[in-house]
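> Input: one structure, supplied below.
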Amino acid sequence: MMHYPPPSHRLRGVSLPALLISMALGLLLAGMLVWSYAEARRQFLIADELARMHENGRFALALLRRELTLAGFLGGLAPHARPSLPAIVPGCGVAARWPLAAFNALDMQVDYDGGAPETVNGTVLDCLPSSMLQRGSDLLAVRRTAGEATLSNGQLAGAAGGVDRGYWYLRLAAGGARAQWWQAGRIAAAEARPGSGVDYWRLLARVFYVRRYSIAPADRIPTLCAAALAPSGVFSQCLVEGVERLHIELGVDHNGDGAPDYYAVEPDAGQLQQAVTARIALLVRSVAPVAGYSGPRQHTLGQLPFTADSDGYVRRVFSTTVALRNLHPSLAAGSA
């Protein structure tokens, strides 16, 4: 009779080396999953910031393009005619009375470096918060009237319910032969009748600048702002977040043919008078940093190189060129 050995009750498990290898592979797989998730999230954040930046950059360019295109436009007034100044004019740079002056419809300060802002033509922009201005950025001052008359030959424009009380208007009568600045109150009944021959054009005088913050100094979001002429002086309003640098170069026409001979990076007063085009360059930054982002730091604004900090913010340059067709009589025909 054959005898069989009793069954062994000893359990045979996984060996220690195999267990360690399995754990290592599991940790590696988990690490890869975490890395994939983090990378996907980072790419999503970059794409989201880029989309927002492109929207902000395009909007800021369109805004400045329109302002520069209409700089110097004064309704139907003849190019050389200028209304006389009232005794008191509130505004940015009160001593020069720039908002209603008969000169310098376009002015600027190049590469602001601190202190009281002062334009190429010597106007001190004392209404701006100098301590909050972005150093290295330009300031742009533009004066013009609205592109459409509020009251044209006695008739209100379709979207206008009347004049805005306290704001300044250019009043034209007798086909533009008589012109004066008028701070809005009540339009005379005789002028508000069809066929009266009287026009009212809203004055828009603005200084565009970059502020170092958007809502509060602690947010540190650079923002494109504008100080605009209002009934009691100048009112500042911020327009586009993320604009870190504003740079303007002027196309200077020396021979009077209406075409730029060269672009001035730091124009003087004489070159400002001869400017026929303007090249706008904006450095736009993401509102928030993206963890792990290390994009290009070297940027070019017009002819100027710029080196950004390695701080995790996404940056892009937006640029365009604008014809200054309302600053000179020879180009004024296209202003309507």
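> Rounded, prolate or oblate for the stretch 191-336? Axes are the square roots of the Cα gyration tensor eigenvalues, ordered a ≥ b ≥ c, and the cut-off for rounded is a/c under 1.5.
Values: a/c = 2.96, a/b = 1.41, b/c = 2.10.
It is oblate, given that a/c is not under 1.5 and a/b is not larger than b/c.
> I've got another one for you. Taking only Cα atoms, what is the 0 to 90° angle, nearest 10, from helix 16-70's long axis to the longest principal axis of the chain?
Once rounded, the angle reads 10 degrees.
> Give the shape of the stretch 44-335 as rounded, prolate or oblate, defined through the alpha-carbon gyration tensor: a ≥ b ≥ c are the square roots of its eigenvalues, a/c under 1.5 means rounded, and otherwise the shape is prolate if a/b is larger than b/c and oblate if not. All intermediate terms of the calculation are to be shown ahead of the outcome.
Working: a/c = 2.03, a/b = 1.69, b/c = 1.20.
Because a/c hits 1.5 or more and a/b exceeds b/c, the stretch 44-335 counts as prolate.
> Pairs of Cα atoms under 8 Å, at least six residues apart: use those to get the relative contact order of the stretch 44-335, whole percent. Intermediate results must be reported in sequence, preceding the final value.
Values: 682 pairs, mean separation 57.1, N = 292.
Computed over the stretch 44-335, the figure is 20 percent.
> Give the residue from PHE59, ASN153, ALA288 lying farthest towards the positive end of the charge dipole for the stretch 44-335; charges sit on Cβ (+1 for Lys and Arg, -1 for Asp and Glu) and the dipole is referred to the Cα centre.
Checked the options; the winner is ASN153.
> Shifting gears a bit: Classify the stretch 141-232 from the C-alpha gyration tensor, please: rounded if a/c falls under 1.5, else prolate or oblate depending on whether a/b exceeds b/c.
It comes out prolate by the Cα gyration axes.
> Further question on the same structure: Give the longest segment of the chain that steers clear of trypsin sites (Lys or Arg not before Pro) in DSSP loops with at most 14 neighbouring Cβ atoms within 10 Å, not counting the sites themselves. Show your work: numbers first, answer last.
On the way: sites that count: ARG10, ARG12, ARG135, ARG165, ARG186, ARG220, ARG297.
Free of exposed loop sites, the longest segment is 13-134.
Every number here is computed from the coordinates shown, using simple stated rules; none is lab data. This one's a predicted model, so the numbers in the text were calculated from it and none came from an experiment. Glycine gets a Cβ as well: all are built from the backbone with ideal geometry, and neighbour counts include every protein chain shown.
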